[in-house]
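Student: Have a look at the structure that comes next, please.
The values are calculated or read from the model by the stated rules, or taken from the named source; none is laboratory data. Just so it is clear, the structure is predicted and the values come from calculations on it, not from any experiment. Using ideal geometry, Cβ is built from the backbone for each residue, glycine included, and neighbour counts are taken over all protein chains shown.
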Amino acid sequence: MSTGEPAHKLNYDTRWEYSPAPESADHARIDEQYGLFIGGKFVAPKSGEYFNTINPATEKVLSRVAAANADDVNNAVKVARGAYENVWSKMRPAERGKYIFRIARIIQERSREFAIIESLDGGKPIREARDIDVPLAAAHFFYHAGWADKLDYAFPCRSPSPVGVVGQIIPWNFPLLMAAWKIAPALACGNTVVLKPAETTSLTALKLAEVIRDADLPKGVVNIVTGDGSTGSALVQHNDINKIAFTGSTDVGRLIQHSLAGTGKKYTLELGGKAANIIFADAPIDQAVEGIINAIFFNQGHVCCAGSRLLVQESVADQVVTKLKERMQTLIIGDPLDKNTDIGAINSAAQLERINSYLELGQNEGAEMFQCTTKTPDFGFWCPPTLFTQVAQSHSIVREEVFGPVLAIQTFRTVDEAISKANNTQYGLSGGVWTDKGSKIFNVGKNIRAGVIWANTFNKFDPTSPFGGYKESGVGREGGLHGLSAYLNLD
Ligand code: NAD
């Protein structure tokens, strides 16, 4: 396959200059130091330890966050057990629902502050935090609040009851959204929670703790313990946890599954992905190109369901690649708080190093790399949007999850070849298909082994819709009725 026009011949005249439009961060309150949120208040960690959380766009310290040890986790689980036995599981479901509605409304009221802090702590563009993360987080609480008193109707002929105390562990790519995604259904089903956010992005979970306190949720129903993998591991190992809900890498998911085997604890695992985005020759090409940009460069490619593999029908491959390169050159990289910014900062130095090692590996394995030439800021962690052509199925960039703004492009001739290449992966989280034929959408959608398939769009989320993976992308579903059932015993 030809790789499209060489960079110097591409039409970059479409790049516009914008005046800076930074969102003011003045009214976003970040404390100098945060304790653990246990029993309805912030408490000092028994460990006595704290760690810095930084702004990945500037490398400046934003705050210090408590590092919970096994004693702290034990304390949080004890408090959650007490709240479960004495208050939450006994409360009328309609009353539980009112608290969850209240949390949703307060998130909406403080949405600007949440968006700013999400952008500062995680490096994502304010536009995404403002338009996707925060509204969706509120939507998860609204949706699940509505279910709290209707569980008996949701599962006809079954008797739903809560599972008890739930341990929840989340990653750094959608910190507030993942917390909402986990806490809302657990509460609606009558469980109490100990949640551990990721170590690089704890701040919005701690702000959510403030919301939970301000909503007067009974003390101990939600507890938030910050720390690294060792804190997460202490939560997984705790004897008095009834269920673990984990979102993160497949490697850690595997460890967790291993240590839960034989314990009788319930679990759901939402893990990595390597989604194929398939473009047929009959697709509306300009729309598809915009869809690819959204599928892989959205949130710097820090998306489990990112369309990190592009399968494009051979007859339109040159056209698609050329248009993609042109569009990549117009993307605005830089200050995540600027409302014009398309591509923000990579979340951490460690993640940037990982991405860069894949860029090197991709080239060493013989693929051809094209990188957007926009200048990146001098400080912070940045990776310009990148695509690889001339890739083979055996290449690491095709098989492994990079979790960065890196796209591997392959071609195909027939529908069967597209399906077979899309399924040639250990993962099965998501996929996309672009065509003007409804029958092709049904055929491809039915035959790809992935939890969600988008047609002529990508990265659309809704709390009513179950989400989860096949194969090494996970076990169980979150969202919708399927997600509710994972937080219930159904007799
Ligand atoms: P990670 O697995 O390194 O960490 C995830 C969380 O697990 C963090 O809170 C971390 O502190 C904790 N952790 C680490 N080691 C642990 C251990 N031994 N026991 C218990 N907890 C431990 O993942 P990450 O780098 O934070 O996130 C990126 C990964 O998450 C990617 O693979 C991505 O695909 C995946 N992800 C999946 C989904 C989904 O819905 N399927 C959503 C978002 C992210």
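Student: Taking the options Q319, Q363, Q313, Q371, name whichever one is within 25 Å of the chain's Cα centre (by Cα), modelled with pLDDT of 95 or more and not aliphatic (A, V, I, L, M).
Tutor: Selected residue: Q371, the only one of Q319, Q363, Q313, Q371 that is within 25 Å of the chain's Cα centre (by Cα), modelled with pLDDT of 95 or more and not aliphatic (A, V, I, L, M).
Student: Would you call F379 touching a residue at least 40 places away in the same chain (Cβ under 8 Å), within 26 Å of the chain's Cα centre (by Cα) and surrounded by fewer than 23 Cβ atoms within 10 Å (Cβ to Cβ)?
Tutor: Against the criterion (touching a residue at least 40 places away in the same chain (Cβ under 8 Å), within 26 Å of the chain's Cα centre (by Cα) and surrounded by fewer than 23 Cβ atoms within 10 Å (Cβ to Cβ)), F379 qualifies.
Student: Which strands (runs of 3 or more DSSP E) does region 351-464 wholly contain that include 1 or more residues that are within 16 Å of the ligand (Cβ to nearest atom)?
Tutor: Fully inside region 351-464 and qualifying: 406-412, 430-434, 452-455.
Student: Counting just the residues of region 315-350 that are of a type in the set (D, E) and outside any loop (DSSP other than H, G, I, E, B), which one comes out farthest from the ligand (Cβ to nearest atom)?
Tutor: Out of the qualifying residues, it is D318.
Student: For F246, which of the numbered conditions (1) crowded, with 24+ Cβ neighbours inside 10 Å; (2) more than 10 Å from the ligand (Cβ to nearest atom); (3) of a type in the set (A, V, I, L, M, F, W, C) fails to hold?
Tutor: Here F246 meets the rest and fails (2).
Student: Within region 163-179, identify whether any single residue is crowded, with 24+ Cβ neighbours inside 10 Å, among the small types (G, A, S) and within 20 Å of A115 (Cβ to Cβ), and answer yes or no.
Tutor: Here is the first cut: in region 163-179, the residues crowded, with 24+ Cβ neighbours inside 10 Å are 165-170, 173-176, 178-179.
Next, only the ones that are among the small types (G, A, S) stay: 167, 179.
So of that shortlist, the ones also within 20 Å of A115 (Cβ to Cβ) come out as 179.
Yes, there is a match, as at least one residue in region 163-179 is crowded, with 24+ Cβ neighbours inside 10 Å, among the small types (G, A, S) and within 20 Å of A115 (Cβ to Cβ).
Student: Looking at (1) aliphatic (A, V, I, L, M); (2) at pLDDT 95 or above; (3) more than 16 Å from the ligand (Cβ to nearest atom), find the lone condition where V252 falls short.
Tutor: Tallying (1) aliphatic (A, V, I, L, M); (2) at pLDDT 95 or above; (3) more than 16 Å from the ligand (Cβ to nearest atom), V252 fails exactly one: (3).
Student: Further question on the same structure: Regarding G264, is this residue away from the ligand (no atom under 14 Å from the Cβ) and assigned to a loop (DSSP other than H, G, I, E, B)?
Tutor: yes
Student: If you check A392, A422, A408, which single one turns out to be surrounded by fewer than 22 Cβ atoms within 10 Å (Cβ to Cβ), among the hydrophobic types (A, V, I, L, M, F, W, C) and in contact (Cβ under 8 Å) with a residue 24 or more places away in the chain?
Tutor: None of the others qualify; the one that does is A392.
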